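The values are calculated or read from the model by the stated rules, or taken from the named source; none is laboratory data. These figures come from a predicted structure and were not determined experimentally. When we count neighbours, we look across all protein chains shown, and the Cβ atoms used for this are built from the backbone with ideal geometry, even at glycine. For accessibility, only protein heavy atoms count, side chains too; no ligands or nucleic acids. Shrake-Rupley method; radii C 1.70, N 1.55, O 1.52, S 1.80 Å.
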Amino acid sequence: MAGGWAMLPILVCSLVALAIVLERCWTLRRKAVLPPGLGEEVRQWARAGQLDPNHLEALSNGSPLGELLAAALAIRGQSRELIKERIEDTGRHVVHEMERYLNTLGTIALIGPLLGLFGTVIGLIRMFMQVMAGGIGDPAKMAGGIGEALICTASGLTVAIPAYVLHRYFRSRVAGYCVQMEKQATALLDELTLHAPVAARPRRTSATAATAPGAG
């Protein structure tokens, strides 16, 4: 109330930032994004051939890492380049989901000080207009008015600084998760392509050998 009506958007930004931080803290838990032992378990499924649609659907809906690995398993019979391309496409969607609302949090960190400065400027303009209308009057009241105007700047910084720090923290956490997910996806890609059994070449029959050039 001391900061005036300009405090309203700052309070709204603080509530939105708090909601985003709580939601991202819950969503970006390590065990929710990278369940322990999931990569090795999926590679065992691939070795044992336990890749029915129910397994793949449960894997895709379980976690971001599971969604990435399920995308590779869905086209496991294709070439390595095609599987890798599918992993990259799915990875972009997964990263986008993990970074949800972070742009909004960064925007709040950017506009918080600006909103505070705007409220301060409006308060100072109002105070000087009163001085022009009625004279200086009591200097103590003028000092109090300046202090009230600066409340907006302090409030804007109070919202912006934690929002900026947490925005950078969540960004770095997502980047770390991406490195781990890429590692697990590469291991599964090697399992599906490098360790896959190579089909035996058909043997040449005696008739084919006899008609081959240079035979006889």
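The table for this structure:
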| quantity | calculated |
| --- | --- |
| Only listed residue being among the acidic types (Asp, Glu) and farther than 22 Å from residue 165 by Cα, chosen from 97, 88 | 88 |
| Whichever residue in the range 179-216 is open to solvent by 40 Å² or more (accessible area, probe 1.4 Å) and modelled with pLDDT of 90 or more and, among such residues, is farthest from residue 25 (Cα to Cα) | 186 |
| Every pair of residues 6+ apart whose Cβ atoms lie under 6 Å, when the first sits in the range 24-37 and is under 13 Å from residue 94 (Cα atoms) while the second is of a type in the set (Phe, Trp, Tyr) | 33/177 |
| Output for the range 156-178, where each listed residue is out of contact with any Lys or Arg (no Cβ under 7 Å at 6 or more places or on another chain) and open to solvent by less than 10 Å² (accessible area, probe 1.4 Å) | 156, 160, 163, 174 |
| Single match in 59, 65, 73, 51 (criterion: out of contact with any Ser or Thr (no Cβ under 8 Å at 6 or more places or on another chain) and part of a loop (DSSP other than H, G, I, E, B)) | 51 |
| Scope the range 11-70; condition closer than 30 Å to residue 109 by Cβ, small (Gly, Ala, Ser) and surrounded by 14 or more Cβ atoms within 10 Å (Cβ to Cβ); matching residues | 14, 17, 63 |
| Which numbered condition residue 39 fails, given (1) closer than 30 Å to residue 148 by Cα; (2) modelled with pLDDT under 95 | (1) |
| Where a residue in the range 76-92 is free of Cβ contacts under 8 Å to residues at least 60 places away in the same chain and its partner, wherever it lies, is open to solvent by less than 90 Å² (accessible area, probe 1.4 Å) and not aromatic (Phe, Trp, Tyr), with Cβ under 6 Å and at least six apart | 86/71; 86/75; 90/68; 90/71 |
